[in-house]
Amino acid sequence: MTTQTITAAAAGTWTLGDRTVNRLGFGTMRLPQRGEALIPDAVPRDRDQTVAVLRRAVELGVNHLDTAAFYFSPLRSANELINHALAPYPDDLVITTKVGPARDPSGHWLPHATRAQLRAQVDENLRQLGRDHLDVVNLRIIGPDSLADRFGALSELRDAGLIRHLGLSNIRPHHLMEAQTIAPVVCVQNMYGIGASTEQEEMLRLCGEQGVAFVPFYSIAGDGRTAGASFTDEDSAVEAVARRRGVSGAQVRLAWTLQRGAHVLAIPGTGDVGHLEENVAAGALRLSEGEVGELGGGS
């Protein structure tokens, strides 16, 4: 595939609330540091390199960025890099951030935010991004407990004009139903990719039925999660398809994910311009029904 001539528009579009985005977006978690993400002693990535990646992403038609105030290394934060590289922001750019988790200045994780602390997290994202409102804010949770109080707090900030749209992250089906009684939900961001569990497939299906965008994370990294890809390449079904198509395994995984439904948005992240271009090019890769079945999943 000729990566330089393919843009994010090749993946098609979806509407987040009242904002239309290309389904191939970009996740910024890996921008501030090299190696394993979100650890206290992460090695900062070169600033000029990260700025170049962000600007190239926009040049290639990426208009959906995923970020968070807790994406930072000792010297870099994803939000600050986005602000430096892209402000003043293009009119069509949608920046999705998430709240709930937090890290102290040394990088260690703190208990998830209470209702009162969510306002401070929203304000911090606004400050770092240099904006007067946030396009989409996902409430990320851990565990099965009710999210009503926290989601209600974000709904109030939405009513106040600080947030345009609300989403959810790392949830179970009952959380989506609970949140929808409080305010509209435009997206769900959950772990998903080749080899997804029955529960993960159920969340994908539920979102599709309700017209909610489903935004998988770790769709390339798989079980490697923040440490990066951990799957075996040599004899896997992914690599078999990749060899036949003359593409990378990561491109096959992205194409498979996008073909799980018109409501699926991909947010692969990288700190390398070449890998970025490959990821964007995956939006034009169409797997056959047989290949989809080979990889696991109906067409």
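The values are calculated or read from the model by the stated rules, or taken from the named source; none is laboratory data. Treat the numbers as computed from the prediction; the structure is a model and nothing was measured. Here the Cβ positions follow ideal geometry from the backbone for every residue, glycine too, while neighbour counts run over all protein chains shown.
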Exercise. Name the pairs: first residue in the range 83-97 and of a type in the set (Phe, Trp, Tyr), second residue at pLDDT 95 or above, Cβ to Cβ under 8 Å, at least 6 apart or on different chains?
Worked result: 89/95; 89/131
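Evaluate the range 176-183: report whether one residue or more is among the hydrophobic types (A, V, I, L, M, F, W, C) and either touching a residue at least 60 places away in the same chain (Cβ under 8 Å) or part of a strand (DSSP E or B) (or both).
No, because not a single residue in the range 176-183 is among the hydrophobic types (A, V, I, L, M, F, W, C) and either touching a residue at least 60 places away in the same chain (Cβ under 8 Å) or part of a strand (DSSP E or B) (or both).
Does residue 133 count as modelled with pLDDT under 95, more than 18 Å from the chain's Cα centre (by Cα) and surrounded by fewer than 16 Cβ atoms within 10 Å (Cβ to Cβ)?
Numbers: modelled with pLDDT under 95: no; more than 18 Å from the chain's Cα centre (by Cα): yes; surrounded by fewer than 16 Cβ atoms within 10 Å (Cβ to Cβ): yes.
No; evaluated as a whole, the condition is false for this residue.
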Exercise. Can you tell me which residues in the range 110-119 are free of Cβ contacts under 8 Å to residues at least 24 places away in the same chain and either surrounded by 13 or more Cβ atoms within 10 Å (Cβ to Cβ) or aromatic (Phe, Trp, Tyr) (or both)?
Worked result: 117
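Only residues that are crowded, with 23+ Cβ neighbours inside 10 Å and small (Gly, Ala, Ser): list them for the range 65-88, please.
So the first thing to find is which residues in the range 65-88 are crowded, with 23+ Cβ neighbours inside 10 Å, and the list is 65-72, 78-79, 81-82.
Of everything in the range 65-88, those that are crowded, with 23+ Cβ neighbours inside 10 Å and small (Gly, Ala, Ser) turn out to be 68, 69, 78.
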For this session: For the range 136-159, name all the residues that are in contact with a helix residue (DSSP H, G or I) (Cβ under 8 Å, 6 or more places away or on another chain) and surrounded by fewer than 17 Cβ atoms within 10 Å (Cβ to Cβ).
Result: 144, 146, 148, 149, 152
Exercise. From the residues in the range 176-194 that are out of contact with any Ser or Thr (no Cβ under 8 Å at 6 or more places or on another chain), over 22 Å from residue 237 (Cα atoms) and of a type in the set (A, V, I, L, M, F, W, C), which one is surrounded by the fewest Cβ atoms within 10 Å (Cβ to Cβ)?
Worked result: 177
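For the range 12-39, which residues satisfy the criterion of being of a type in the set (Gly, Ala, Ser) and either touching a His at 6+ places or on another chain (Cβ under 6 Å) or under 21 Å from residue 271 (Cα atoms) (or both)?
So in the range 12-39, the residues of a type in the set (Gly, Ala, Ser) come out as 12, 17, 25, 27, 35, 37.
Of everything in the range 12-39, those that are of a type in the set (Gly, Ala, Ser) and either touching a His at 6+ places or on another chain (Cβ under 6 Å) or under 21 Å from residue 271 (Cα atoms) (or both) turn out to be 17, 25, 27, 35, 37.
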For this session: Kindly provide the set of residues from the range 119-147 that are closer than 14 Å to residue 95 by Cα and assigned to a loop (DSSP other than H, G, I, E, B), ordered by number.
Result: 130, 131, 132, 133
For this session: Return the total of residues in the range 1-30 being surrounded by 23 or more Cβ atoms within 10 Å (Cβ to Cβ), more than 13 Å from the chain's Cα centre (by Cα) and in a loop (DSSP other than H, G, I, E, B).
Result: 0
Exercise. Restricting attention to the range 160-175, which residues are buried (at least 17 other Cβ atoms within 10 Å of the Cβ), closer than 21 Å to residue 216 by Cα and over 18 Å from the mean Cα position of the chain (by Cα)?
Worked result: 175
Exercise. Quick one: how many residues across the range 31-74 are more than 28 Å from residue 109 (Cβ to Cβ), part of a loop (DSSP other than H, G, I, E, B) and out of contact with any Leu (no Cβ under 6 Å at 6 or more places or on another chain)?
Worked result: 3
Exercise. Within the range 195-206, is even one residue out of contact with any Pro (no Cβ under 9 Å at 6 or more places or on another chain) and crowded, with 16+ Cβ neighbours inside 10 Å?
Worked result: no
For this session: Of the numbered conditions (1) crowded, with 17+ Cβ neighbours inside 10 Å; (2) at pLDDT below 95; (3) within 24 Å of residue 282 (Cα to Cα), residue 62 fails exactly one; give the number of that condition.
Result: (2)
